Amino acid sequence: MTTLKDISKACNVSLATVSKALNGQPDISEATATMIKLKAKELGYLPNSAARSLKTNKSHNIGLLFVDKTASGLNHEYFSSILNSIKDEVELHGYDVTFISKGIGNSAMNYYEHAKYRHCDGVIIASVDFKDPDVIQLVESEIPTVTLDYVFNNRTSVLSDNIEGVSQLVRYVYSKGHRKIAMIHGEMTAVTRKRLTSFLKTCYDLNITVPDEYVKEAIYHDPKSSALMTRALMELDDRPTCILYPDDFSYIGGKNELDKQGLTVYEDISVCGYDGIYLSQVMRPSLTTYRQNSDQMGREAAKRLINEIEHPKIILPEVVSVSGELIEGNTVKDISS
C-alpha cells in the first residue's frame, strides 16, 4: 500500500508538503500541489479515512435527511436535482453522503441517533415533517444542520423564493387578461403557506376577487388528486379561466381530466405549473411554469453546512433565498382583448 512517505520520496518533498497538497491547504504553490496529486494517483495512493478521522476529529460524512410521503422523491426531477447537487458539492470538498432514517436493519433509531451512529459531521434536512419531534431533536442537538425550505431559529436555511415565484405567475396570468384565477395547492406545509399567501396577496394587490371555491387542496406530485380538484373547479357555475397547479407533474392529472371533459388547454382553459422540470417543456403545449433553481439550492446547502463544520466559531446562521425564473410556455391564452 502506497503511503505518504512513498509520495514524499518520489516527489522529493517533505511529508508535511505532501499532506498539505492532498488536503487542499493553500500554503503551497499550485504547481507543487498538482505535481504531488498526480504522483499520488500514479502510485495508486488511497487515503485512510479512519486515520484521517482520528487526526481531524471529523468523519467527513454528511447526513442527508429526506422523507417523501409519496415515495417518489428520488424519481422526482426537482428533488433528485437537489440531492444530486448536494452529492456533487460535498464530494468536491472531500465529504461523503449518508442517508439518515429511523432505523438500521431491525434496530429502531431516531434521526439524531442514526446521525451519531454514522458519525455525521452535519446533516442537511431536505424534505420532512418539520414538526416531527425527532426532527426538532436533531435540529436542536449539537450536530450542525442546514434545512431546505424551512426556517428554524439559530440554524441556516436555504429557501426557494416561493413567494416571488407565485407572485410572478399570477402577475403574468393577469397581464394576459385573466381575472378568474384558481389555485390547486399541495398539502399544508410551510412551503404551501407561503405560496398560498403570495397567491392571495398578489390577487388582492391586483384587485382580483378569489372565491373560496377557487382554492383547492391536493397533494404534491400526485396527478390523481389534482385531477379530482380540476374536476371540482370545472363543475363550478362560474369556473375559472386559469388554474395554477401545485407542481408540473401534478398538472398531468389536471390535463387528463380536462381532456376527458373535451377541453383544450390554452384554447378553452389556461394553466400554469410550478418547478420547471424538463417534462414541462417537452409536453405539448409546453407548460407555463416557474422554474426553481434546485441545483443552486443543493449546492448552497452543502457549502454552508461544510463551512459551519470547518469553521464553527465564526459562522452565524443565515437564511439564504434562491430565486428562480418564469418560463412563459404556451398554456396561458391572452384574453385581454
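The table for this structure:
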item	result
Most mobile listed residue (Ser175, Ser167, Ser59) in the chain, GNM with C-alpha springs under 10 Å	Ser175
Net charge dipole size for the chain [Lys, Arg +1 and Asp, Glu -1 on Cβ; Debye, nearest 20]	920 debye
Cα long-axis angle, helix 223-234 against the chain (0 to 90 degrees, to the nearest 10)	20 degrees
0 to 90° range, to nearest 10: angle between helix 190-205 axis and the chain longest Cα axis	40 degrees
Nearby lysines by direct alpha-carbon distance to Lys224 (threshold 16 angstrom, same-chain neighbours under 8 apart not counted)	Lys69, Lys216, Lys255, Lys260
Eligible aspartates and glutamates near Lys37 by straight Cα distance, threshold 16 Å, same-chain separation 8 or greater	Asp6, Asp27
Whole-angstrom Cα spans of the range 117-195 along principal axes, big to small	57, 21, 19
Normalised contact order of the chain, rounded percent, pairs of Cα under 8 Å and 6 or more residues apart	18 percent
Amide H partners (placed H, <5 Å) of Ser59, local residues excluded	Asp121
Candidate aspartates and glutamates - alpha carbon under 19 Å from Lys201, same-chain residues fewer than 8 apart omitted	Asp161, Glu164, Asp212, Glu213, Glu217
Under-5 Å amide H pairs with His178, H placed in peptide plane, nonlocal only	Ile335
Using θ = phi - 60° and Karplus 6.51 cos²θ - 1.76 cosθ + 1.60, couplings along the range 110-117 (whole Hz; Gly, Pro as x)	8, 4, 4, 5, 5, 4, 5, 4
Residue-wise HN-Hα coupling along the range 132-149, computed from phi with Karplus coefficients 6.51, -1.76, 1.60 (Hz; x: Gly, Pro)	4, x, 5, 5, 4, 4, 5, 5, 8, 7, 6, 6, x, 9, 10, 9, 10, 6
Taking Glu325, Glu217, Glu30 and counting other C-beta atoms within 10 Å, the order from fewest to most	Glu30, Glu325, Glu217
Over the chain: helical MRE at 222 nm, DSSP H runs n ≥ 4 each giving -39500 (n - 2.57), nearest 500	-13000 deg cm²/dmol
Choice from Lys255, Lys116, Lys20 showing the highest fluctuation, given a GNM over the chain with Cα pairs closer than 10 Å	Lys20
Spin-label zone in the range 293-307 - amide nitrogen under 20 Å from a point set 7 Å from the Cα of Ser175 along the C-beta vector	293
Answer label, with percent of Cα pairs over 31 Å apart calculated from the coordinates and candidates [x] 27; [y] 45; [z] 39	[y]
Local electrostatic count at Thr3 - Lys and Arg +1, Asp and Glu -1, tallied over other residues with Cβ under 13 Å	+2
Simple label model, 7 Å out from Cα along Cβ direction - His311 to Glu235, nm	5.8 nm
Rounded to the nearest 20 debye, dipole of the range 199-337 from Cβ charges on Lys, Arg, Asp, Glu	340 debye
Most mobile listed residue (Ile163, Ile208, Ile86) in the chain, GNM with C-alpha springs under 10 Å	Ile208
Projected label distance in nm at Leu279 and Asn12, using a 7 Å step from Cα toward the beta-carbon	6.1 nm
Over the range 162-292, relative contact order from alpha-carbon pairs under 8 Å, at least 6 apart, %	24 percent
Farthest toward positive dipole pole in the range 85-221 [+1 Lys/Arg, -1 Asp/Glu at C-beta], among Ala218, Gln137, Ala182	Ala182
Residue-by-residue Karplus 3J(HN,Hα) for the range 259-265, coefficients 6.51, -1.76, 1.60, Hz, glycine and proline x	4, 4, 8, x, 9, 9, 4
Nearest-0.05 FRET efficiency for Glu213 and His93, computed from C-beta distance (R0 41 Å)	0.20
Built amide H within the under 5 Å cut-off of Ile327, gap 5+	Thr289, Tyr290, Arg291
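Every read-out reported here was derived from the displayed coordinates using simple, explicitly stated rules and does not represent laboratory data. Note that the coordinates shown come from a computational prediction; the quantities given were computed from them, not determined experimentally. Glycine gets a Cβ as well: all are built from the backbone with ideal geometry, and neighbour counts include every protein chain shown.
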